[in-house]
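Please treat every number below as a calculation from the coordinates, not as lab data. These figures come from a predicted structure and were not determined experimentally. Neighbour counts run over all protein chains shown; Cβ positions are idealised from the backbone, glycine included.
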Amino acid sequence: MGGVDVELLPPAALPEIAFAGRSNVGKSSLINALTGRKSLVKASNTPGRTREINFFLLAEKLMLVDLPGYGYAKAARKDVARWTRLVNAYLAGRPSLRRVCLLIDSRHGIKEVDIEIMNMLDKAAVSYQVILTKSDKVKPGELSATLLAAREIIARRPAAHPEIIATSSQSREGMEALREELGKIVENV
Ligand code: GDP
């Protein structure tokens with residue numbers, strides 16, 4: 001499938017939740033905060049370096065899937081093409097995938113590259129949910145504005161989950177809400 005060996009992925013036996021977002025959005029930090037295991041994912045401060053799909057088994061019940069970050073300004077065109085091929089192959093051929101958490105930096109809101117990912121997800125009919133990250137970095141008014149703008153964008157999107165969760169790996173805001181949401185998905189298998 002476009003040069004991507006999806007057969008090398010682990011068997012699709014457990015429900016999967018995937019995490020996607022622009023490089024540096026705080027994805028590794030969120031996965032670490034969520035699982036409470038610092039060793040599970042190494043937080044990197046070199047944007048654009050992670051290029052592969054990583055799988056993490058959680059409590060033998062759920063697979064967390066760390067998709068490579070996108071939108072790094074210095075990424076070469078061939079890297080973008082490779083990302084698109086890899087992620088499309090995964091999204092289109094993964095029956096166990098229950099939801100993609102689409103991470104958006106609270107300071108920046110939804111950008112054009114995020115819209116492109118949403119287009120991809122809508123087209124593949126993969127359910128996705130916007131999760132704001134780094135909420136501790138913005139004032140409450142700014143967070144409300146980002147939330148409002150994001151709500152308007154997802155209202156027109158067929159595969160978008162209507163609820164948005166604002167989180168911070170630092171203050172742990174929203175972490176319980178996110179955990180509950182993911183718990184519901186596992187229960188509904
Ligand atoms: P990734 O590239 O998406 O995996 O992003 P990282 O998790 O490596 O985080 C990128 C940078 O943002 C790092 O310097 C983190 O310390 C910082 N960061 C991540 N999450 C938060 C957060 O919730 N609050 C704050 N203040 N900084 C964060």
**Message:** I'd like the Karplus ³J(HN,Hα) series for segment 60-77: coefficients 6.51, -1.76, 1.60, θ = phi - 60°, whole numbers in Hz, and an x wherever there's a Gly or Pro.
**Reply:** 6, 10, 8, 9, 8, 10, 9, 7, x, x, 10, x, 5, 3, 8, 5, 6, 3
**Asked** Taking the Cβ of residue 127 as the center, what net charge do the other residues with Cβ under 9 Å away carry, scoring Lys and Arg +1 and Asp and Glu -1?
**Response** +2
**Complete:** Residues whose built amide H sits under 5 Å from the amide H of residue 101, excluding neighbours closer than 5 in sequence, are 18, 19, 20, 129
**Complete:** Counting as exposed only trypsin sites (Lys or Arg not before Pro) in DSSP loop states with no more than 15 other Cβ atoms inside 10 Å, the longest exposed-site-free span of the chain is 112-155
**Message:** As I understand it, the dipole of the chain uses +1 on the Cβ of Lys and Arg and -1 on the Cβ of Asp and Glu, about the Cα centre. Which of 164, 69, 140 lies farthest toward its positive end?
**Reply:** 69
**Fill in**
To the nearest 20 debye, the chain has a Cα-centred charge dipole, built from +1 on Lys and Arg Cβ and -1 on Asp and Glu Cβ, of 520 debye
**Asked** Simple spin-label model, 7 Å along Cα-to-Cβ: residue 119 to residue 79 in nm?
**Response** 2.2 nm
**Asked** Residue-wise, which Karplus ³J(HN,Hα) couplings in Hz belong to segment 133-148, taking 6.51 cos²θ - 1.76 cosθ + 1.60, θ = phi - 60°, and x for glycine or proline?
**Response** 10, 6, 4, 5, 7, 10, 6, x, x, 5, 5, 4, 5, 4, 4, 4
**Asked** Along the positive direction of the dipole of segment 2-187 (beta-carbon charges: Lys, Arg +1; Asp, Glu -1; about the Cα centre), which of 126, 10, 109 reaches farthest?
**Response** 109
**Item:** Estimated dipole of segment 58-143 in Debye, rounded to 20 [Cβ of Lys and Arg +1, of Asp and Glu -1, Cα centre]
**Value:** 200 debye
**Request:** Determine the percent antiparallel among the DSSP beta bridges restricted to the chain, to the nearest 5.
**Result:** 20 percent
**Request:** Determine the relative contact order of the chain: mean sequence separation of Cα pairs under 8 Å and six or more apart, normalised by residue count, in whole percent.
**Result:** 23 percent
**Asked** Across every pair of different alpha-carbon atoms, what Kirkwood hydrodynamic radius in Å does segment 2-187 reach?
**Response** 16.6 Å
**Request:** Apply the Karplus parameterisation 6.51 cos²θ - 1.76 cosθ + 1.60, with θ equal to phi minus 60°, to every residue of segment 175-182 and state each ³J(HN,Hα) to the nearest whole Hz, in sequence, with x for glycine and proline.
**Result:** 5, 5, 4, 5, 4, 4, 4, 5
**Request:** Report the full-extension gain for the segment residue 88 to residue 186: residue separation times 0.36 nm, less the Cα-Cα distance, to one decimal in nm.
**Result:** 32.9 nm
**Fill in**
Stretched fully, the stretch from residue 142 through residue 56 gains (0.36 nm per residue minus C-alpha distance, one decimal, in nm) 27.6 nm
